[in-house]
1. Quick check: is even one residue across the stretch 13-30 over 23 Å from Arg189 (Cα atoms), among the basic types (Lys, Arg) and out of contact with any Cys (no Cβ under 7 Å at 6 or more places or on another chain)?
2. Is it fair to say Gly180 is small (Gly, Ala, Ser), over 29 Å from Gly70 (Cα atoms) and in contact (Cβ under 8 Å) with a residue 60 or more places away in the chain?
3. Of the residues Gly70, Gly32, which is surrounded by 16 or more Cβ atoms within 10 Å (Cβ to Cβ) and either in contact with a helix residue (DSSP H, G or I) (Cβ under 6 Å, 6 or more places away or on another chain) or within 23 Å of Gly180 (Cβ to Cβ) (or both)?
4. Taking the options Leu6, Leu76, name whichever one is in contact with a strand residue (DSSP E or B) (Cβ under 9 Å, 6 or more places away or on another chain) and either under 21 Å from Pro219 (Cα atoms) or open to solvent by less than 40 Å² (accessible area, probe 1.4 Å) (or both).
5. If you check every pair at least six apart or on different chains, which have Cβ atoms under 8 Å apart with a residue in the stretch 10-35 that is in contact (Cβ under 8 Å) with a residue 60 or more places away in the chain and farther than 20 Å from Pro73 by Cα first and a residue that is crowded, with 16+ Cβ neighbours inside 10 Å and hydroxyl-bearing (Ser, Thr, Tyr) second?
6. On the basis of being more than 18 Å from the chain's Cα centre (by Cα) and farther than 28 Å from Asp224 by Cβ, does Ile115 make the cut?
7. Mind counting the residues in the stretch 73-120 that are touching a helix residue (DSSP H, G or I) at 6+ places or on another chain (Cβ under 9 Å) and hydrophobic (A, V, I, L, M, F, W, C)?
8. Please specify each residue of the stretch 148-166 satisfying the condition of being in contact with a Leu (Cβ under 8 Å, 6 or more places away or on another chain) and farther than 19 Å from Gly185 by Cβ.
Amino acid sequence: MTADRLRARVLHRDALCFVIDKPAGLAVHKAGRITDHLELYLPHLAEPGEEPPKLAHRLDRDTAGCLVLGRTPWALKRFGQMFAAGHVGKTYWAVADGIPESDSGVIDLPLLKKIEPKSPLGAARSSWTILPDPAGQPAVTEYRVLGTGNGRSWLELRPRTGRTHQIRVHCAAIGCPLLGEPFYGPERRPPGNLHLLSRSIAFRMAFEYAPVSAVAPVPDHMRDALSACGWQGE
């Protein structure tokens, strides 16, 4: 990603943080065989002589939208506290294959990370997946149906907790896997087309600071499916 392209994705900036519109398909940091990731490009956002901003939280590689970066050690520590305490408002949009039974509700399903050890005759390394399991960590997601069409639903989702793949697993658990879901749908699909957007984020660092809010635009790969469910554009 070029410096100009990254700077064009800045939704908010101040002395303490950036909020950027992360593109779908770009991992936020190095992991496993991933070599191209957002952290490589964060120096593009730094002023001369300034340390690059750092990730204040994470988004899945295939999730697009609002991502917060901290610019100072205090800001990063404060964001860690606020995310852990649920003091950051996060709203997601998604298109799901299926329509929930209720127009709104709360999905309360603990999630467990299951690690599959590598096999001498199989994969060269271990893999993992996230499963609903009473022994897992508490995970709660609020949802609301904003529109429907062709057996699909346009969902607004507000996670109360921040578990790995939480929204994706919760939607699949109620019979509404996300469109383009490579892992938690009825069949395996190539990654890169997940219809999940971190639509908006809102927070206030402290009482002496102004509230911050940012809204990410709908990415190109989601526009047709959202329109079919009633979305009428930005």
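The values are calculated or read from the model by the stated rules, or taken from the named source; none is laboratory data. Since the model is a prediction, treat every value here as computed from it, not as a measurement. All Cβ positions, glycine included, derive from the backbone under ideal geometry; neighbour counts span all protein chains shown. Areas reflect the complete protein model, heavy atoms only, side chains present, ligands, DNA and RNA absent. Shrake-Rupley method; radii C 1.70, N 1.55, O 1.52, S 1.80 Å.
1. Within the stretch 13-30, one or more residues are over 23 Å from Arg189 (Cα atoms), among the basic types (Lys, Arg) and out of contact with any Cys (no Cβ under 7 Å at 6 or more places or on another chain).
2. Answer is yes for this residue.
3. That would be Gly70, the only listed residue that is surrounded by 16 or more Cβ atoms within 10 Å (Cβ to Cβ) and either in contact with a helix residue (DSSP H, G or I) (Cβ under 6 Å, 6 or more places away or on another chain) or within 23 Å of Gly180 (Cβ to Cβ) (or both).
4. Details: Leu76 fails: either under 21 Å from Pro219 (Cα atoms) or open to solvent by less than 40 Å² (accessible area, probe 1.4 Å) (or both).
The conditions single out Leu6.
5. Lys22/Thr63; Lys22/Ser198; Ala24/Thr63
6. So Ile115 passes the test.
7. 8
8. Glu156
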